[in-house]
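Report on the following structure.
The values are calculated or read from the model by the stated rules, or taken from the named source; none is laboratory data. Please read these numbers as outputs of a predicted model, since none were measured by experiment. Neighbour counts are summed over all protein chains in view; Cβ atoms, including those assigned to glycine, are modelled from backbone coordinates with ideal geometry. Side chains included, ligands, DNA and RNA excluded: accessible areas come from the protein's heavy atoms. Shrake-Rupley method; radii C 1.70, N 1.55, O 1.52, S 1.80 Å.
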Amino acid sequence: MKLCTILTSAAALMALSGAAVSAQTLEEVRERGYLNCGVSPGVAGFSNPDDAGNWSGFDVEVCRAVAAAVLEDPDAVRYTPLSNTERFTALQSGEIDMLSRTTTRTLNRDTALGLNFAPVMFYDGQGFMVRDSMDVDSVSQLNGATVCVSAGSTTELNLADYFEANGMTYNPVRFDRADEVLAAYDANRCDVYTSDRSGLAARRLVMSDPSEHVMLPETISKEPLAPAVRHGDDQWFDIVTWTVYALIEAEEFGITQDNIDEMLASENPNITRMLGGEGSPVGEWIGLDNQWVYRAISSVGNYGEIFERHVGPDTPLQIERGMNALHTDGGLQYAMPFK
Amino acid sequence: MPVSRDLGPMAPPRTPFWTRSRIRSALIQVGFVALLALLIQFLLANTMANLDRQGIASGFGFLENRAGFDIAIRFSPFERNDTYLQALWTAVANTVVLAVLGIGLASLIGLVIGLARVSPNWLISRLAAVYIEIFRNIPLLLQLFFWYFAILRPLPGPRQSIEIGGGAFLSNRGLYLPKPLLDSGAQLTLVAFATGLIFALTMAHFARRHRAATGHSRPVLQWWIIGLVALPLATWFATNASMALSVPALEGFNFQGGMVILPEMLAALLGLSFYIAAAVGEIVRAGIEGVDHGQTEAAQALGHSRGQIMRLVVIPQALRIIIPPLTTQYQSLAKNTSLASAIAFPEIISIVAGTTMTQTGQALETIALAMAFYLTVSLLIAAIMNFFNWRVTRRSF
Ligand SMILES: N[C@@H](CCC(=O)N[C@@H](CS)C(=O)NCC(=O)O)C(=O)O
C-alpha cells in the first residue's frame, strides 16, 4: 500500500538525516547476525514467501548466497518485500543491506540514485501480454490500447518511449504494486499488460485463467536485472559482486551443490583456489575467511542449478536459458576469473 | 495565566530578574526556539553530508527535466515530453479536483443521511444508521478497492459496451459521453447566461430587501426572463453561434471522441464521498439534535410547517454546531485522496511521491513537495471553513 511508501520514505528521511549511514556494512551485518535483503513482494519463481513465511526464488538465492558467504548461514536473512517505488529509498537509507529484486541496471540508478550494481543475474527485456481472444499478434497493432503498468519502473518509461517512437497512442493505468496491476488486467481494465518478460511469465501463473493470455513476440527494451548495494562501501560491493560471479563460475567449472566436496580435491588449481583449498588467498583478498565461496555454492548451488530450480523449463515459469546461458554456450553469463 | 508574584502592597523582597515569571517564560521560549533551530540545522547538515557521501543527487533541479511518462487522467494539460514540474502541476490539479468534487458529494450525501437519521420515520432512520455504521467502520482503502472492482467486474469490455442512449456508452473502460464543441459565440453565450443569472439574483435580492423594509413586494419575474432567456438568446444570434457534438464511437480498442469518466476517477470519487459522508451524516445529526427542542416547539406554535421549521429555524442554528467538526472531515477527505493512488488515480502520491520519486531517486525533495501540498490544502480548507463559521456565528437570528 501507499502507506508503506510513505512510512519507508519517512524512515528514509529519518535515516538520511540522522546518524551517518554506515560505510561498514560487513561489520554491521556480522554484529546484527543476519542480512537485511530487499526483495519483490511475491513474484512466483523470483521471490515468494510460502505459507510459513519462508522466502524462496531466484532473487532470494542471491541473498542466501551472500548470507552463507558472510555469516556462514544461508538462513540468516531477513527479507523486506519492497514495491518498485519503495526499493531505492530503502537501500539508500540503510534499511536494507542489499537489493535483490528484478531491478534493471540503468545509468540513472547507477549514478544519481547512488547505487552500485552487482553482475547481472538475469538478462531480460520488456514484453507485452494480451488476451488470446483479441487476435493481436504484434505490438504494432496496439495503437489506442489501454495498458496496465507498474509505477516507478523502467517499464512505464520504455512504454512511453516506444509508443512515441512508433507514432502510436495508448492509455496508461498505473499502479504502485505489481499485484494491483495484475488484478486490474485480470478484471479486464486493460487490453495489455506490460512488464519484464520474466515478470509476465510469473504473473501469468496467478491469473484466473493463464491459458487465456498470450505473450507478444516483440521485446522492446534491455532489462539487465541485477542486485544492488549503496555507494560508499567498496568492500561490501565486492562481496556481493563476487558472490554472484562465484555462482556463475561454479557452473562453468561444473561445480554443483552435490559434487562440491569432490571438487575440493580437483586436479584443476583454478577450482581448488576458488573453493579455498590449501594456500588459497580468496578469503584474504576480500576480507572473509577462505571458505566463503565454498559456502555460497554449497548452500544454493551454481547459477545453472538456481535457474533450473526456480525459473527454468521444468518450472511453471518455463523460461529458456537464452541470453542467460553461459558464454561457453553462446549466452551472456560470464564470470570474471577468480585469480 | 501565571499569577505575577511581585505585585500588590505586600510585595516580597526583590528577587533576581530571571525568576520573574514573565521574563522566565520568555527566556525558556527563546531557548526552546534556539534549540529547535540547532536541531533542524544539525539534521539538515547531516542529511546533506549523507547524500553527498553516497553520491545521491539533491536539490530541485530535476523538476526541469523531461518526465517521459504519461498520465491518463489530467485536469491540466500534460504530455510525456513535459517536465516533472508540469507533472507536479497536473498531480496538484487532479488532487484538487478530486477533493473538491468529493467534498461536494460527501456533503450532499451526508446531509441526506443526517436528515434521515433524525427522521421520525423508524425505517428511514434505521437505514441511515446502518449506512453510517457500515461506511464509517470499514477502512477506506478497502472501500476504494470495493468500488473499483465493483465498477470493473460487472461491466462489459468496450466492444460490448452498454449503450445508454443519447450517444453515451458504459463499459469497464469508463463512461463515454458526447462532448459539446462550442465555438466562440457559444462560449460567449455561456458567459451571457452566467451574467444574466447574477443579474437576476441581484434584482431578486433587492426586491426581498425592499419587501423586508416596506412590506410591499415587487415583481421579479421579468428580471429572470431577461437574465436567463433574453440575454443568452440575443448573444447566441448576435454572434451567429453554433454548437456541434463530438459523439464517442468505437474505433479499434476503444471509443474515440466525446469525453470520458474513467473508472479510477469514478471509484475514487465514490469511495471518498461515501466514506466521509458517513461522518458528515453524524455531524449533521448531532447539529440538529443540538438545537434546543424548545425552538422547534416555538416554531410549531407559530404555525410553521415541518419543512419551514427545518429550513428557517433548526438548520441555521445547527450550522454553528456543524461547521467546526465538518472542517476536520473535509481535511480528512483532502488528505485521503492519497489512498486513491492504490486504484491508479494519478494524484500527488502516485505522480510525485511515486513515479517522480523513483525515476529521479530524490526521495527527500519529492516527499517534501507532497507534504507541502497537503499542508497547504489543509490550511486552505481550514481558512475557508473558518470564514464560513465566522459568517454563521456573526449572523443573529
Ligand atoms: N525491471 C523494471 C521493472 C521491475 C518490476 O516491475 N518488477 C515486477 C515484476 S514484473 C515486480 O517485481 N513487482 C513487484 C511488486 O512491485 O509488487 C525496473 O527495474 O524498473
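Expressed as a rounded percentage, what relative contact order does chain A have, with Cα pairs under 8 Å and six or more residues apart?
20
For B:Lys179, what accessible surface area do you get with a 1.4 Å probe? Give it in Å², rounded to 10.
80
Give, in nm to one decimal, the length gained when the segment between B:Leu85 and B:Asp52 is fully stretched (0.36 nm per residue of separation minus the Cα-Cα distance).
Length difference between fully extended and current span is 9.5 nm.
Measuring from label point to label point, each 7 Å out along Cα→Cβ, what is the B:Leu101 to B:Leu190 span in nm?
With each label placed 7 Å out from Cα toward Cβ, I get 1.6 nm.
As I understand it, the value is the acute angle between the Cα axis of helix A:234-253 and the longest principal axis of the Cα atoms of chain A; what does it come to in degrees, rounded to 10?
90
Round to the nearest 10 and give me the degree value, 0 to 90, for the angle of helix A:154-165's Cα axis relative to the longest principal axis of chain A.
Orientation of helix A:154-165: about 50 degrees from the principal axis.
For the pair B:Ala238 and B:Arg209, what calculated FRET efficiency results from E = 1/(1 + (r/R0)^6), where r is the Cβ-Cβ distance and R0 = 35 Å, to the nearest 0.05?
The computed FRET efficiency comes out at 0.60.
Can you figure out the FRET efficiency of B:Glu163 with A:Asp75, using R₀ = 41 Å and their beta-carbon distance, to the nearest 0.05?
Rounded to the nearest 0.05, the efficiency is 0.10.
Just by accessible area at a 1.4 angstrom probe, what is the order of A:Asp110, A:Asp50, A:Asp314, A:Asp191 from largest to smallest?
A:Asp314, A:Asp50, A:Asp110, A:Asp191
What does the charge count around B:Ala150 come to, taking other residues whose C-beta lies under 14 Å from its C-beta (Lys +1, Arg +1, Asp -1, Glu -1)?
With Lys, Arg at +1 and Asp, Glu at -1, the neighbours total +1.
Please report the relative contact order for the stretch A:157-266, taking Cα pairs under 8 Å with a sequence separation of at least 6, and give it as a percent rounded to a whole number.
Reported as a whole number, the value is 15 percent.
Using the Cα centre of chain B as the reference point, and only Cβ charges (+1 on K/R, -1 on D/E), how large is the resulting charge dipole? Debye, rounded to the nearest 20.
Magnitude of the dipole: close to 1480 debye.
Given labels modelled 7 Å from the Cα in the Cβ direction, how far is it in nm from B:Ala45 to B:Thr393?
It works out to 4.5 nm between the two label points.
Where does helix A:2-17 land angle-wise versus the long Cα axis of chain A, in degrees 0 to 90, nearest 10?
Roughly 40 degrees, rounded to the nearest 10.
Ignoring everything except DSSP H segments at least 4 long, calculate the 222 nm mean residue ellipticity for the protein assembly as shown; use -39,500 (n - 2.57) per segment, divide by total residues, nearest 500.
It lands at -16000 deg cm²/dmol.
Show me B:89-95, A:332-338, A:63-69 ranked by packing, highest mean number of other Cβ atoms within 10 Å first.
A:63-69, B:89-95, A:332-338
How many nm separate the modelled label positions at B:Asn137 and A:Glu212, each set 7 Å beyond the Cα in the direction of the Cβ?
Between B:Asn137 and A:Glu212, the label points sit 3.5 nm apart.
Quick check of the Kirkwood formula: for chain A, what is the inverse mean of 1/r over all pairs of different Cα atoms, in Å?
It works out to 20.8 Å.
Give the calculated FRET efficiency between B:Leu201 and B:Leu108 to the nearest 0.05, with a Förster radius of 22 Å applied to their Cβ-Cβ distance.
0.55
Can you return the aspartates and glutamates within cross-link range of A:Lys222? Criterion is Cα-Cα under 12 Å, with same-chain partners fewer than 8 residues away left out.
Cross-link targets: A:Asp124, A:Asp196.
Tell me the relative contact order for the stretch A:122-221 as a rounded percent, counting alpha carbon contacts under 8 Å between residues six or more apart.
In percent, rounded to a whole number, it is 48.
Averaged across orientations, what area in nm² does the convex hull of the alpha carbons in the protein assembly as shown project?
Projected area, direction-averaged: 48.2 nm².
Could you pull out the GluC sites (Glu not before Pro) across the stretch A:275-311 that fall in loop regions by DSSP (anything but H, G, I, E, B) with no more than 15 other Cβ atoms inside 10 Å?
The qualifying sites are A:Glu278.
Order B:Asp183, B:Asp52, A:Asp261, most accessible first, counting only protein heavy atoms with a 1.4 angstrom probe.
Greatest to least solvent exposure: B:Asp52, A:Asp261, B:Asp183.
Where the centre of each part is set by its Cα atoms, how far does the stretch B:286-315 sit from the stretch A:252-299, in angstrom?
After rounding, the separation between the Cα centres reads 89 Å.
Mind listing P(r) for chain B? All alpha-carbon pairs, 10 Å bins, whole percents.
Whole-percent P(r) values from 0 Å outward: 4, 13, 18, 23, 20, 12, 6, 2, 1, 0.
What are the semi-axes of the equivalent ellipsoid for the stretch A:128-221, taken as the square roots of 5 times the Cα gyration tensor eigenvalues, largest first, in whole Å?
18, 15, 12
For chain B, which DSSP H helices look membrane-span-like by this rule: Cα extent along the axis of 20 Å or more and mean Kyte-Doolittle of at least 0.0?
Span-like helices, by this rule, are B:21-54, B:84-117, B:122-137, B:184-214, B:263-289, B:315-336, B:363-394.
When only the heavy atoms of the protein chains count and the probe is 1.4 Å, how do B:Ile261, B:Ile28 rank by accessible area, highest first?
B:Ile28, B:Ile261
Short version: ³J(HN,Hα) in whole Hz for each residue of the stretch A:331-338, in order, from phi by Karplus 6.51 cos²θ - 1.76 cosθ + 1.60 (θ = phi - 60°), x for Gly and Pro, what are they?
Each residue's phi maps through the Karplus curve to give x, 9, 6, 8, 8, 6, x, 8 Hz.
So for the protein assembly as shown: antiparallel DSSP bridges make up what percent, rounded to the nearest 5?
About 70 percent, rounded to the nearest 5.
The stretch A:204-251: which GluC sites (Glu not before Pro) are DSSP loop and have at most 16 other beta-carbon atoms within 10 angstrom?
Qualifying residues, ordered by number: A:Glu218.
Shielding of B:72-83 by partners, i.e. mean partner chain Cβ atoms within 10 Å per residue?
The shielding value for this peptide is 2.
Are there any chymotrypsin sites (Phe, Trp or Tyr not before Pro) in the stretch B:11-73 that are in a DSSP loop and have at most 16 other Cβ atoms within 10 Å? List them by number.
B:Phe60
If you put +1 on each Lys and Arg Cβ and -1 on each Asp and Glu Cβ, how big is the dipole of the stretch B:244-397 around its Cα centre, in Debye rounded to 20?
620
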